[in-house]
Every structure is written in C-alpha cells, then in structure tokens.
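Working notes, beginning with the structure itself.
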Amino acid sequence: MLQSADARTAPGDASDLDVALTRELASIVGPENVSSTTAERLVYEADGFTMARRRPAAVVHPASTEEVQKVVRLASAIGLPFVARGAGTGLSGGAMAPPGGIIISLTRMRRILDIDLRNRRLTAEAGVVNLKVSQAVAGHGLHYAPDPSSQSACTLGGNVAENAGGPHTLKYGVTVNHLLGLKMVLPDGELLDIPGETEDNPGYDLPGLITGSEGTLGIVTEVTVRLTPLPQKTWTALAVFETISDATRCVSSVIAAGIIPAALELMDANVIQAVEAAFHFGLPLDAQAVLIIELDGLEAGLDELGARVRGICESHGVRELRVARDETERTALWMCRKKAVGSLGRLAPSHCTQDCVIPRSALPEVLERIGGIARQFGLRIANVFHAGDGNLHPIVLYDDRDREQVRRVLACNGEIVRACVEAGGTITGEHGVGVEKLEFMPLIFSEADLAAMDRVRAAFDPRGLCNPGKVLPGGPGCADLVLNKKAAI
Amino acid sequence: MSPDRLFQRLQELLGKEAVAGPAEAAGFVVGGCSPAVGAVSPASVEEVCAAVRFCSEHALKVIPLGGATMAERCSAPCGYDVALSTRRLDRVTDYQRENLVFAAQSGVTGAQTVALLTPGGQMLALDPPSFPEATLGGMVAARASGPSRAGYGAPRDLVLGLKVVDARGELVSAGGKVMKNAAGYDLCRLYTGSLGTLGVIVETVFRLHPAPEASRAFVGMFGSWEDADRAVARMQTAPLVPRAVELLNREAARMYCPDGHAEHAVYLLAAFDGTEEQLACQQRTFESILQETGARGSAELDFAWNGERHRSLCDLERTPEGGTLLILSGLPSDIPVLVSHVEEVCAEAGCRPVILAGAVTGTVRAVCPGVAAGIRERAAAALRGRVSGVRGVSLRVFAREPLPHEMVWATPVPGIDVMRRIKDQLDPDRVFAPGRFPGGL
C-alpha cells in the first residue's frame, strides 16, 4: 500500500516536529518516551486497518493521567492535532495520526488500580490489556464480559473508544453495557471524572456518549468496569452444515425460538480450511459452514436447553453436532474461532475485514447476496462472524501488491456495505467508522443526524484537534483522508 | 405576540383539537405550573416538527410530556409556555418478533406494549412505577427503571435506536434496529435520560426479551441491614441469576406484604425467572444462604412479570402527594450506611420513610410521607451533608410540588460543565424544559 504524501516526504531520520517542541514533550514524559526517529514512527503509521497510513510527527508515551493532561495542554496551546492509541488493533483506521499530528500512546498506563469483588467493579488504567482483567479476577469466579477476538492484545481504552464487542456480547452486551465510570482528558487538557461507584450519575449519560466515539471527544485514561460472574455451567457445541444457508436459517430459528445463547458464531468453508490447516482441530473440510453454539448459565435446565438447540439444528439439516466434552475441547474450539482471521494468511497474502450488522432474520438472504457480490468482483470472501447478533464479518482475500485487485476490493466492500444497509442494517457493529467507513455514513444518517453529531463533537472539541478526520464525514482533515485513500489505489 | 394570538396560531398550525389553552390544560401541569400559552398534542412526527419550529421561532419554552407519571422527577421549570404531549403519537411502527425488536412512537403506553407483546411470548423488560400508564417516550426520557433492572438492564441497555425532534424542529435519528451499532456517536445514550432537555423523543426502537416460563420471589427476614447485607454478599458468589434483589425496610414490607410479614427490620426479596426446575434450584440456594446468614424467617411470593405482586413492588416508590422521594445511588456495599443516614435524618424530621434498596444497583429510594416544607429542606440539607463524604454517592430529592434545581440535584453533578456545553450546542436558545435539569439547564 502506498503511504500518504506527508509520510513519504518525511525527512531522513528526524521527527517532523521542531526540535523545541520535541524537547518540551520530552520534558513531560522523559526523552526515552518520545519516539521521534523515522524507524520508530514507522511502526505507528497504521492500526489494524492497513489500507490507510500516515506517519505521526512523533509518538509520546505518557505514564499517567497528569502526563496525558500536560501533553494535551501543550498540543492544544500550539494547535497540534493528536490521537490516542492503545494496542493499535483497531480495524477502521481510527488510531491513524491526523495530518501533521502526534500519537499519544497509552500502553505504559497498564496498572490495575482497584479490584472491588464485593461490588463487582474493577478500576484500571486505559492501557491495560482486555484479557488481563478477566485473568485478574478469574480466581474469584468473575470475568470481564466483552471479549473481542484481539483480547489478548487490545486495551481497555481502545475498547471504550470503539465500543468493542466480541462473541459473547450476544448475551452479555458490548463495552458500553459494562462501563460504569471513567477519567477522560478533554481536548483542552481539563479532566472529566465520572465516578464508577454509582450506576446513576445524574445528568446526561456521558460514559455512554463517550463509548464508541473513537477517541474524538477526548482521551480516556482510566475506566471502572463491571465484573460479571462466570456461569455455573457452559454447553458448547460445533454444528456442521452442508450449506451456509442451512446454517444461517438455523441461527434465525434459534433466536426466533426465544433462545439467547451466550455466543452463536459462524465460520464458512474458506475459514474452516484455513483454521484446520493452522490448528488441526478436526473441523470437517468438506462442510460449507459450522456454527459454534454456546449456552451458559445455571446448571439446572442447561442440558434441556441444549436439547432444544439440537432439535432446531436437526430441523435445519445439521450433519453433525459435536458437544465439547470438557474445558480443553471448549478452549480449543474457541481458539479456532478467535484466531480464525489470523489464520487466513494461509489463503491469501492480504485480507480486509468488513463489519456490518443486519437483522438476524435477514442472514440467509444477505449471505447469499454477499456470495454473489464476491463472484461479481472475482474475489474470494471468507465469512467468520457473530451470527447471533447479525454482525457480519465478510473478509475479502486479495493480494495488496496488485493495484487492480485493491481497486476491486474497495468496490466490493462498498457493495457489501450497501447490501447490508438495504437489508435494514448498519455499516459497522464493532469496528467503528474510523476512516474506513466515513464515505458510508450518509447511507444511514441524514444531514440532520450528522449535524447533531457534529454539534456534540463541537461541545467537546471546538477546535477540532482531537483525532480530526475520523467518524464524521466533512470534518477537518476529512477531504485529505479521502484523497489519501484514493491515492493508495 | 400575545399569548392569545400565539394560542390561535398554534391552533391554525395543528388544528383546534390538538391545542388546549392554559385553562383547559389541567392535565398538562408540569412542576406545579401550567403552560403560559397552552398544551399541544401533535398527531404525527411532522406535526411535532412544525410545533417545535413554531415555538423556537417565537422564543416559546417547551416541555415535552408523556404520561406524566414521573413528571416530578425533575427540578422546577423556570417558566414555560407550551406543554407538548406525545399522547397522540400512539402508533407501533415496527414489531419484528423473530428478531426481538420493537419500535413504537412515544405515546404508546406500557399497558399497550404488554397487550401487544404478551401473546407472542415476549416482553419489554422495563418496570418503573406506574408502568401501565407511563409512555415509552417518557420512560426513555426519564431513564425510568424498576427492580428488574438488576437482571435485564436499564433503559439505556434496551434502547437500540430513537428519533428526536431537535430544537430547530428537525428530525434526528440515532442508532438503528440491529443488535449492535458502532456507526457515529451513540446519541441514543445521550437522549436517554435527558429529561426532555435536548429534544422531543418521538419514536424508540427497543430490544425485547423472551417472556420467562415462570417467575417467583423469595423473601428473607433480617434483624438488621448489616445482616441482610451479608446475605446479599453471599448471593454474589452463589449460582443465582436474579431478576431483582430488593431490600425493604419494615414500613415498605408493611405496605407490600399485608399478610402480616412485617415485624422484622429488613426484608430481602430476590426474584427469579426461568423454568420450574431453575426456580426450585435457586430457591434452595437462596434459602441455604438465608440460614447461613441468620435470617429470622422466609416466605415465597408469586412474582409473575407485570403480575400484581410485581407491580405493587414497583409502585412503592411513587412520590406521594405532599411527601418527598429521596433517591441515593452508590456502591451496593454502601447501602447499610446510606440507609442509616436516611433513617436518622428522617427520625429528626419526625417521619417514617418507606425504604427500598436495589441490592445489585446500589439505589436507595426513600419515600417520606408528608413533611412540612421547611423541615424537608433542612432534612435534605442534613442528608446531603452526611453523604457528601462518600465518593460517588449521588442524592436526588423529589416532591410533587416544584423544587429548585439546587435542592433536587442535591450532590455535585460530575461532568456538569461538559453537559452545559452539550446543551449549548444542541439547544442554544434553551427551547426545551428550561430549569428541569442539573445545573438549572
């Protein structure tokens, strides 16, 4: 992929920032915590969405909320745009540097500050890795429910920015349902402190508004999250289907029967091939689709519920339904699912993950349509997604060295997004808009809707310094990004 | 333009039947005062837009109003001109049973929702006081929840999308009709609980739940709040999935359990949904916890969703005529100390409050019967002083008659400066519900 103009023209080994400014940043965080060489900055050109890149003028690594405040105050004083970054696992370009701007990396802020078992709350700095939270409380029969596939790398702050989901959000909800309080450095450097002790802070639901705002309203430095009891028992099954349409009809029927599984995931033949080659779980290589169905809760009644699900699967022609015998088998099955996207490298040099949500009853029809779109563009698409939520992740496989293919991938993605919107869906379920989906925002929002969002942004960041050019089309830096994306092909 | 002339213009705009003058607007009294110009009841979203645009252009202040079942849970308006009732916005716009998605205009009531969803074995998992008469739009605007919030979440967790008429009279849509949505800012969260200060919510899309096969509640009686709290703490680590866990003081139990279970200090009510097998198993677990923690007795209640037992528990926290409703919110483990503050302050004021505490949500509601106005102010101030040292605790004080915002939103509101900036952006001319919100917004 080509880089943006400013990245290409970055001078030799020095930062784009002037020396005095670099020194000032260093005086806040320490010289070892300012990345200013070209090599250091190269790493931060893109997040998990690699189709858009821009090299930051510098990367600053503060260690505390106070240091973040000082960096932001400095940036604000001189009109320097900035963006917060966690682990960089985002999939829509939300953590890409704004033009001429700096990245404020929060990965040094990785302390768990307080665990309150009695009240099922945990307070941690934004750079704490998602999985660490569940690990810290597992011995007490608790866990942190949002479990994105990148959970062994992604950070709590990034999860808040993207309102991250995961397979188990079908029953347990997404990040916003588990966020009780936060500390956020506002774009002028002031601190917003919403305590996590009460579920009922009077006034507007600021944590709710901030969650999913993709780092455009400020920099979240600390969160208080809700901890959820581990279920007494779990029933996990692999259901094998001859066709995708049998599998998707089965998903719709499970939901329509009023059963809310803990997770209900689909993997298609392309994914099965890749995953099996990587992990040798024993997935059937000739099947067109498998579902991972997980039920959890009280031991009482769980097997009966499993029998009902089995009955629904059978009525949709399931070829085989294999229930995990023990925790080891269950963990192995989930590893297949969570590492599925990573294993796709075996099928093609590059892949691009889409993220749309549709009504669950529309799954069979939309999946067929996506198959048709793939054929139309001559591209191979792998599907691995949160079927129970209707949250699709069609993954287009391609070779990014071939410009003609890249052009087809972008066009194909556009068609998929439009098909989902036409089916009554939305353009992103958990990856966010970032820069990737900017052009699709008008598909689901009117001018008045977008104007209301612009006003909300202005309430937090009137000068447009905090992650400009993301989420809302037409904002500062936006045109530049569209050009950037076009220049890439 | 004179109020009479404005009234006429509104009638021309919306039709005579849709506009009531101040004299006939008895049903539209908000915060103790009637609208200066009149009350309008638009029958369509377009009419709401037209009405708001007119009011905005003529600098009229508007208070959106649903079933008015929670109209007192705001501070007093600093004067207003038009009450905008959503009662005629009564259409169900979409019901996708197979997707557990339900969309309806704001004037649809709780009772209408129940009538529509029950035959299909589904429910909208909200149970605020006066649910049958409350409107969907009002419940969302007031962030109104009840005991079942412990199991099913707050309104903000159930709202998938909504439509709002903003201060310019334009229709703004937020969210959608799907389970997850990360497109743009989550304005649903902003409008939910905004108490009509940012716009008129005209339609909401909800996530539904399958109706449970059976529901039952079990009650344990305790000699003190500390003992009951030990039982609650034990419940946290036990295999229980309660729909609601409420602590009732003696006065609350007397109102709630007229069959004589009211000689103990605290009643711990745990309600469960599920199959008969699941209920029986949870009952056994709960009863063994009661034994271990020294409960003095136990009882079983029918607690069918929307059944009499369920509804009467929800309705305990209605604000009484001439009385005061205190709502404290904090950590669940702080409930005993918050309750003791409430009891002491009330004893000094010479009243015996009905106290309900959500053991999972940490919300203490104290319904205080008639207290002379001066005493109420002193008591509220004393309570504020007592809880001010506990981090994160919020106190709200409500009465049927209008109370000033400093008294209603009794503890400092975190983030109030940001809230003011949001209000400045979305309603710069202060068209909507002036004075009703924290900070006098």
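The values are calculated or read from the model by the stated rules, or taken from the named source; none is laboratory data. As the structure is a prediction and not an experimental result, all values here were calculated from the model. Don't worry about glycine lacking a Cβ; one is built from the backbone with ideal geometry, like all the others, and counts go over all protein chains shown.
A Cβ distance below 6 Å, combined with a sequence gap of six or more or placement on separate chains, defines the contacts here; from the range A:145-158, residues that are within 16 Å of A:H431 (Cβ to Cβ) reach residues that are of a type in the set (D, E, K, R) in the pairs A:S149/A:K338. Screening A:R121 against (1) over 12 Å from the mean Cα position of the chain (by Cα); (2) buried (at least 20 other Cβ atoms within 10 Å of the Cβ) leaves a single unmet condition, (2).
Can you tell me which residue in the range B:68-122 is farthest from A:G390 (Cα to Cα), limited to those that are of a type in the set (S, T, N, Q) and assigned to a loop (DSSP other than H, G, I, E, B)?
First pass over the range B:68-122, keeping only residues of a type in the set (S, T, N, Q): B:69, B:75, B:85-86, B:93, B:96, B:99, B:105-106, B:109, B:112-113, B:118, B:122.
Now drop any that are not assigned to a loop (DSSP other than H, G, I, E, B), which leaves B:69, B:75, B:86, B:106.
Details: B:T69: 36, B:S75: 42, B:T86: 33, B:S106: 27 Å.
Checking each candidate, the answer is B:S75.
Among the residues of the range B:19-35, write down those that are in a loop (DSSP other than H, G, I, E, B) and either buried (at least 24 other Cβ atoms within 10 Å of the Cβ) or under 27 Å from the mean Cα position of the chain (by Cα) (or both).
Scanning the range B:19-35 gives B:V29, B:G31, B:G32, B:S34, B:P35.
When every residue of the range B:377-387 is checked against the conditions, none turns out to be outside the structural domain of B:L198 (by TED's automatic domain parsing), closer than 23 Å to A:P195 by Cβ and touching a Pro at 6+ places or on another chain (Cβ under 9 Å). Would you confirm whether or not the range B:238-253 contains a residue that is farther than 30 Å from B:S340 by Cβ and in a helix (DSSP H, G or I)? For the range B:238-253, residues farther than 30 Å from B:S340 by Cβ and in a helix (DSSP H, G or I): absent. Considering each residue of the range B:56-66 in turn, none proves to be of a type in the set (D, E, K, R), within 14 Å of chain A (Cβ to nearest Cβ), outside any helix (DSSP H, G or I) and more than 30 Å from A:L170 (Cβ to Cβ). Determine if the range B:353-360 includes at least one residue that is modelled with pLDDT of 95 or more, surrounded by fewer than 20 Cβ atoms within 10 Å (Cβ to Cβ) and within 11 Å of another protein chain (Cβ to nearest Cβ). No, that holds for no residue. Checking each residue in the range B:268-299 for being outside any helix (DSSP H, G or I) and either over 30 Å from B:Q122 (Cα atoms) or polar (S, T, N, Q) (or both) picks out B:T275, B:T293, B:G294, B:A295, B:R296, B:G297, B:S298. Every test in (1) of a type in the set (S, T, N, Q); (2) part of a strand (DSSP E or B); (3) within 20 Å of B:K423 (Cβ to Cβ) is passed by A:N201 save one, and that test is (2).
Take residues that are within 14 Å of chain B (Cβ to nearest Cβ) and tell me which of the strands (runs of 3 or more DSSP E) falling wholly in the range A:62-135 contain 3 or more. Don't jump to the end; show me each part of the working.
Working: elements: A:82-85, A:102-105, A:112-116, A:121-125.
Ranges flagged: A:112-116, A:121-125.
Among the residues that make up the range B:402-418, is at least one of them among the aliphatic types (A, V, I, L, M), surrounded by fewer than 20 Cβ atoms within 10 Å (Cβ to Cβ), over 19 Å from the mean Cα position of the chain (by Cα) and over 14 Å from B:L441 (Cα atoms)? Scanning the range B:402-418, I find no residue that is among the aliphatic types (A, V, I, L, M), surrounded by fewer than 20 Cβ atoms within 10 Å (Cβ to Cβ), over 19 Å from the mean Cα position of the chain (by Cα) and over 14 Å from B:L441 (Cα atoms), so the answer is no.
Do the conditions hold for B:R365, that is, is it crowded, with 20+ Cβ neighbours inside 10 Å and among the basic types (K, R)? Walk me through how you get there before you give the answer.
Details: crowded, with 20+ Cβ neighbours inside 10 Å: yes; among the basic types (K, R): yes.
Answer is yes for this residue.
In the set (1) within 14 Å of another protein chain (Cβ to nearest Cβ); (2) closer than 17 Å to B:G146 by Cβ; (3) over 21 Å from the mean Cα position of the chain (by Cα), B:Q283 fails one condition alone, (2).
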